[in-house]
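One structure is given below, encoded as C-alpha cells.
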Amino acid sequence: MIINNYPWHDALWKRLLPWRIDAPHAILLHGPSGIGKVDLGKRLARFWLCEAPTAQDACGTCPSCTFVALDHHPDLQLIRPEALALSEGTREGADDEGEAQEGDDEKTSKRAPSHEIRIGQIQALLESTVTGSHRGGRRVVLIYPAETMNPFTANALLKLLEEPPPATHLVLVCDAPERLIATVLSRCQQVAVPPADWAQASAWLAAQGVSEPATWLAEAGGGPLAAWRAAGADETVLEARRAVLAGLARGEALDALALAERLAKIDRSLVVGWLQRYTWDLLGYRLAARIRYYPSEKAAISALALGLDPVSMARYAKALAGLRRAADHPLNARLFFEDLLLRYAGSVAGT
Ligand SMILES: [Zn+2]
C-alpha cells in the first residue's frame, strides 16, 4: 500500500512517536473528514510493525516494511466495508472474507458490496487473534471508518477491546466519534487529529497541480484530500457540478427537468452533497452573512438569500440530510434529481 505523509500531520506525528515503544492496545484517530486520518493510521501501523525503525518513522526497507508496501503483511489487518475495499482496489477487496464465501446461493453472492463493516469481519478477526502473530512481533488491526460498524458489530469488537491479546494493537479511525457506542469509545485512547492549516493545505493542493485551491478547499470544508479528490474528478463530474451551481443560482427559475436529465449518470451522493452545501451557504448567508462552502458563488448566494424564508430552506436542508445513503433511494436517478431540484426551487421561493 502507498502511505502518504501530509505536512499538517507533522506536529501530531511527533507527539505519537513515544508509542513506538509502548503502543496502546486501542486508539481512536478522529477528526474532520478528508484530512488523511487513514493514512496516518497506516503510517502508525507500519511504524509499530517495522523491524528497524528510526526515531522518527519506519525504515521503509526491512521485511516488515516491504510486506506493508506490498499489501501483504500477515500481521496487519485492514477492516473496512467491502465497498470501500473494492474502491481501494486491494487484494482484501477481491477476496473479502465473510458470510458470502461458501455455500451461499446466487442471490447473496450477487448482493451489492456492503457499506458497513459486517459482524462476520469482526468475528473472523476475533478468530484470527486467538493464535500469536505470524512474524512473532506485534499485530496491528486498522478499522475504518469505525462509524460504519453498527451496534451489533461494535459489540462484537468489544471482546477484543476488553481482553486484548498480547502485542495486538487496534487503530480505529473515524470522522464522527459520537456515532460510536460509548463502550467502544471509553476503551480506546482518543487522538484528535487536528484540521489542516488553511495555508499549508492550499500550498499542498497547489503543489499537486490543483488550480484554484481555495475554492476546492472551501467546498471540502477544509479537508485537503477531499478537495484534491473533488478537483481531480472526471470532466463529466466537473461539468455537472458547474451545471448544478449555475442552476441553483437561478433560484426558483431553475429548470429542474432539464438539469435532472443532465445529471442522470452522476453519482447521487455527489449531487446531494453539492445541494447540501449550497443550501447551508444560503442559510448561513441569510442568518449570519457567512458563506462557507462556495465563496466564489457569493453574488448569487447573497442575492437569493435576500428574499429567503429560512424555515422553508431549513426544512429542505433537513430533507437532504435525511437522504443519508442517496444511492439506496428507490426512485430512478432522473426522477430522484427532479424531485430534489423541484423542492429546491420551491424552498427558495418560500413555498
Ligand atoms: Zn522497517
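Quick note: the coordinates plus some simple rules give every number you see, no bench work behind them. In this text the structure is predicted, and so the values were computed from the model without any measurement. Ideal geometry is used to build each Cβ from the backbone, glycine not excepted, and the neighbour counts take in all protein chains shown.
Below 8 Å between Cα atoms, with a sequence gap of 6+, how large is the relative contact order for the chain in percent? Working shown, then result.
Numbers: 482 pairs, mean separation 61.6, N = 351.
Worked out over the chain, it gives 18 percent.
Dipole size in debye (nearest 20) for segment 105-252 around its Cα centre, Lys and Arg Cβ +1, Asp and Glu Cβ -1?
Approximately 440 debye in magnitude.
Of the DSSP beta bridges with both residues in the chain, give the percent that are antiparallel, rounding to the nearest 5. Can you show the working numbers first?
Numbers: 0 of 19 bridges.
About 0 percent, rounded to the nearest 5.
Taking Cα pairs under 8 Å and at least six residues apart, what relative contact order does segment 233-349 come out at, in percent? Walk me through the numbers on the way to the answer.
Values: 116 pairs, mean separation 43.7, N = 117.
Relative contact order of segment 233-349: 37 percent.
Over 21 Å, how big is the tail of the calculated P(r) for segment 2-78, in percent of all Cα pairs?
For segment 2-78, the fraction of Cα-Cα distances above 21 Å is 24 percent.
Summing -39500 (n - 2.57) over the DSSP H runs of n ≥ 4 in the chain and dividing by its residue number, what mean residue ellipticity at 222 nm do you reach, to the nearest 500 deg cm²/dmol? Provide the component values of the computation, followed by the final result.
Working: 18 runs with 176 residues, N = 351.
Rounded to the nearest 500, it is -14500 deg cm²/dmol.
In debye, nearest 20: dipole of the chain around its Cα centre with unit charges on the Cβ of K, R (+) and D, E (-)? Walk me through the numbers on the way to the answer.
On the way: 37 positive and 41 negative charges, 193 e Å.
Result for the chain is approximately 920 debye, rounded to the nearest 20.
Could you quote the convex hull projected area for segment 233-349, Cα atoms only and averaged over all directions, in nm²? Spell out each step's value before the answer.
Values: hull surface 26.2 nm².
Directional mean of the projected Cα hull area for segment 233-349 stands at 6.5 nm².
Neighbour counts of other C-beta atoms within 10 Å: give me M1, M313, M149 arranged from fewest to most. Intermediate values should be presented prior to the final figure.
On the way: M1 17, M313 22, M149 27.
Listing M1, M313, M149 from fewest to most nearby Cβ atoms yields M1, M313, M149.
What per residue convex hull volume, in Å³, do the alpha-carbon atoms of the chain yield? Can you show the working numbers first?
On the way: hull volume 54.4 nm³, N = 351.
Once divided by residue count, the hull of the chain is 155 Å³.
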